[in-house]
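Scroll down for the structure; my scribbles are underneath it.
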Amino acid sequence: MDERERLKSFEQTVLPHLDAAYNLARWLAGNDHDAQDVAQEACLRALRFFGTFRGDNARAWLLTIVRNTFYTWLRKNRPPENVVELGDEVLAVEDVSANAEVLNSRLGDTETIRRAIEELPVEFREIVILREMEGFSYKEIAELADVPIGTVMSRLTRARRQLQKRLAGEFKPGAIP
Amino acid sequence: MNCEQARLLMDSYADGELDATGILELEKHLHDCPACALAFCNVQNLKKSLKQDSLFFSAPEELRQKLKAELRLPAESRRPFWTGNWLVTATTGIAVICLALWLSLALTRPSPQRQLAQEIVSSHIRSLMANHEMDVASSDQHTVKPWFDGKLDFSPPVKDLAPQGFPLIGGRLDYLGNRAVAALVFHRYKHVINLFIWPTNESDSKPAVPAPINGYNVIHWSRGGMTFWAVSDLNEEELMEFAGDFGAN
């Protein structure tokens, strides 16, 4: 394949997923400037490795690269104490049902939800984005984030409980989980 | 199943990732336990609210432009357009406008895969509107499968998925992508699922869900020399579950 064909094939296969790439980068990095850097770097890396792409899921492939690019960028640009170590301990069953009404009344408010997602640890945040916005299956997320399926499940469950608590907490100042 | 187990499993259930045994046990528990049923309702509402379009960040134009510049072939001319006389400038200007028009048309034109998906959704809607879901109405796979013999140049796999909650209702012939295809009709509650099947040279592929078209979810996979397209107004999770039950994985 000559360079022209390679570029064309890349533009048709990978670039349609630029929105997904930027969205993930934006949620991970937390601001537009860094997200653009990460997404751009990821696309250029994807082009470099395009010859090795064999799968049928270009979006998953590109997002894997975005994710790796982000973590490389994170190590270089942010102090390590910001990276939280997460154990995958068993979930405690907490009764969130008492807040049911409060919770539902906050769910339509985009800004509140956006803040709640942003406050999640990055390892939880990425799973939420991949599941709810990109609709990947647990198995695809496990491959993409290079963690066991059980970890995907437990992070997703814990992320949702945390979101529910924060959304309920918005209503009651002082009730920080 | 106790409350503790139910709370652990309900997320997988909401995501359509719970196995059949788990589903049965959890549904029974949710039926009997109002507190867990409420907690499950919360999970579903949360999921729904996370799917708002306004939470999605689209790539800014600036990023697209930067990438476009990076992806240009090195051999391309980089001479600025304002060098040379006014005629060159004017001609270049017109050419740029034409190119921009062409690009905007080219970029909005759907891919062949997308066009096929649109055709499939239209066919689905037609079958619902004309009240012509089926040529052969039967929940018996041994009636539906032979019905296709002689009408098609291939024998589509036919399965009744009533135990999984997707009863087979019947089948019909349809015409897609310039060929006759098999359409199987399934129900889930009041929802209709059309499953289109025809032979392909594609290698096996896992179920993929393109963006919904006119509110219909479409799912596509290939297996054993056949290509499968399922379409329904069911949500993505349930349609994915259907694909899995039909043997997509």
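For chain B, the longest principal axis of the Cα atoms and the long axis of helix B:112-129 meet at an angle of about 40 degrees. Applied to region A:149-163, the Karplus parametrisation 6.51 cos²θ - 1.76 cosθ + 1.60 on θ = phi - 60° returns per-residue 3J(HN,Hα) values of 4, x, 5, 4, 4, 5, 5, 5, 4, 5, 4, 5, 4, 5, 4 Hz, with x for Gly and Pro.
Computing FRET efficiency as 1/(1 + (r/R0)^6) for A:ASP56 and A:ASP2, where r is the C-beta to C-beta distance and R0 is 22 Å, gives about 0.35.
Largest mean-square fluctuation among B:ARG172, B:ARG188, B:ARG126, in a Gaussian network model of chain B whose springs join Cα atoms under 10 Å apart, belongs to B:ARG126. For chain B, a Gaussian network of Cα nodes joined below 10 Å ranks B:PHE57, B:PHE186, B:PHE196 by mean-square fluctuation, and the top entry is B:PHE57. Phi-derived couplings, Karplus 6.51 cos²θ - 1.76 cosθ + 1.60 at θ = phi - 60°, listed residue by residue for region B:43-54: 4, 5, 5, 4, 4, 4, 6, 7, 8, 4, 4, 5 Hz, with x used for Gly and Pro.
Applying 0.36 nm per residue to the separation of B:THR143 and B:ILE97 and subtracting their alpha-carbon distance, the gain on full extension is 10.5 nm.
The gain in end-to-end length when the B:ARG64 to B:GLN52 segment is fully stretched comes to 1.9 nm, 0.36 nm per residue minus the alpha carbon separation.
Extending 7 Å from the Cα toward the beta-carbon at both A:ASP146 and B:GLU27 defines two label points whose distance is 4.0 nm.
Please say if region B:95-249 is rounded, prolate or oblate, where rounded means a/c under 1.5 for a ≥ b ≥ c the square roots of the C-alpha gyration tensor eigenvalues, and otherwise the choice is prolate for a/b larger than b/c and oblate otherwise?
The shape class here is prolate.
Note on B:SER155/A:GLN12: beta-carbon distance plugged into 1/(1 + (r/R0)^6) with R0 of 45 Å gives a FRET efficiency of 0.85. Working ranking of peptides A:33-41, B:62-70, B:175-183 by packing, defined as the average number of other Cβ atoms within 10 Å per residue, highest first, is A:33-41, B:175-183, B:62-70.
Between amide H atoms placed 1.01 Å from N, distances below 5 Å from B:TRP198 occur with B:THR227, all of them 5 or more places distant or on a separate chain. Amide H contacts of B:VAL218 (H built 1.01 Å from N, in plane; Pro and chain starts excluded): B:ILE213 sit under 5 Å, all sequence-distant by 5 or more or on other chains.
Using a Förster radius of 22 Å, what is the FRET efficiency between B:HIS191 and B:GLN118 based on their Cβ-Cβ separation? Nearest 0.05, please. The formula returns an efficiency of 0.65 here. Approximating the spin labels as points 7 Å out from Cα along Cα→Cβ, the A:ARG115-to-B:GLU202 distance works out to 4.5 nm.
Here, each number is a calculation from the coordinates, and none is a lab measurement. The structure presented is a predicted model; accordingly, all values stated were derived computationally and were not measured. Because the Cβ atoms are built from the backbone with ideal geometry, glycine has one as well, and the counts that use them run over all protein chains shown.
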